[in-house]
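The structure appears right after this line, and notes come after that.
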Amino acid sequence: QVQLVESGGGLVQAGDSLRLSCAASGRTFSNIAMGWFRRAPGKEREFVTAISGRGSNTGYADSVKGRFTISRDNAKNTVYLQMNSLKPEDTAVYYCAAKYSSWRDPYYRVGEYDYWGQGTQVTVSS
């Protein structure tokens, strides 16, 4: 059982930055793989980025490479999403997700995760 709470969303202008946080329950956060997904109005939930439970290896959707960075602080049981050079098409509800895993590979699919946060709204105006 993992409980996730996202925070840090808001309304920004194109080109601005935001940092999202996701606080997770549990003693062994280093053994939990984490991911960020987003859902724009009228669209399906899509992969944004992920980080593995072992080795902190990362992966990114092509749409955010070079602009977004995922990181984790195991002492605080928290994963972060640094979002730079935001575009209007980044507007969405952002969700963090968790899966118990000690593997070095991240997970990229919605169906691979077992736990989800409630989401935080990011709105980017043009």
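Summary of values
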quantity: Apportionment of accessible area to carbon and sulfur, segment 1-115, percent (1.4 Å); calculated: 44 percent
quantity: Charge tally in the Cβ shell below 10 Å around GLN82, where Lys, Arg are +1 and Asp, Glu are -1, GLN82 excluded; calculated: +2
quantity: Rough spin-label spacing in nm, given labels placed 7 Å along Cα→Cβ, for SER17 and SER56; calculated: 1.7 nm
quantity: Heavy-atom SASA rank of GLU46, GLU6 (probe 1.4 Å, accessible area, largest first); calculated: GLU46, GLU6
quantity: Farthest positive-ward along the chain dipole, Cα basis, beta-carbon charges - from THR91, GLY111, VAL79; calculated: VAL79
quantity: Linear extension gain, LYS76 paired with ASP114, 0.36 nm per residue minus alpha-carbon span; calculated: 11.6 nm
quantity: Size of charge dipole - the chain - debye, nearest 20, with Cβ of Lys, Arg +1 and Asp, Glu -1, no other charges; calculated: 240 debye
quantity: Partner aspartates and glutamates for LYS43 [C-alpha distance under 16 Å; skip if fewer than 8 residues away on the same chain]; calculated: GLU89, ASP90
quantity: Gained length - VAL5 relative to GLN121, 0.36 nm times residue gap less alpha-carbon distance; calculated: 40.5 nm
quantity: Neighbour-limited loop hits for trypsin sites (Lys or Arg not before Pro), segment 11-70 (at most 12 other Cβ within 10 Å; DSSP other than H, G, I, E, B); calculated: ARG27, LYS43, LYS65
quantity: Extension gain, SER63 back to TRP103 (0.36 nm per residue minus Cα-Cα distance, nm); calculated: 11.9 nm
quantity: Karplus-derived 3J(HN,Hα), 6.51/-1.76/1.60, for each residue of segment 108-124, Hz, glycine and proline x; calculated: 10, 10, 3, x, 7, 9, 9, 10, 9, x, 7, x, 9, 7, 10, 10, 10
quantity: Heavy-atom surface of the chain, accessible at 1.4 Å and reported per residue (Å²); calculated: 52 Å²
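The values are calculated or read from the model by the stated rules, or taken from the named source; none is laboratory data. Here the structure is a predicted model, which means the values were calculated and not measured. Ideal geometry is used to build each Cβ from the backbone, glycine not excepted, and the neighbour counts take in all protein chains shown. These accessible areas exclude ligands, DNA and RNA; they are computed on the full protein's heavy atoms, side chains included. Shrake-Rupley method; radii C 1.70, N 1.55, O 1.52, S 1.80 Å.
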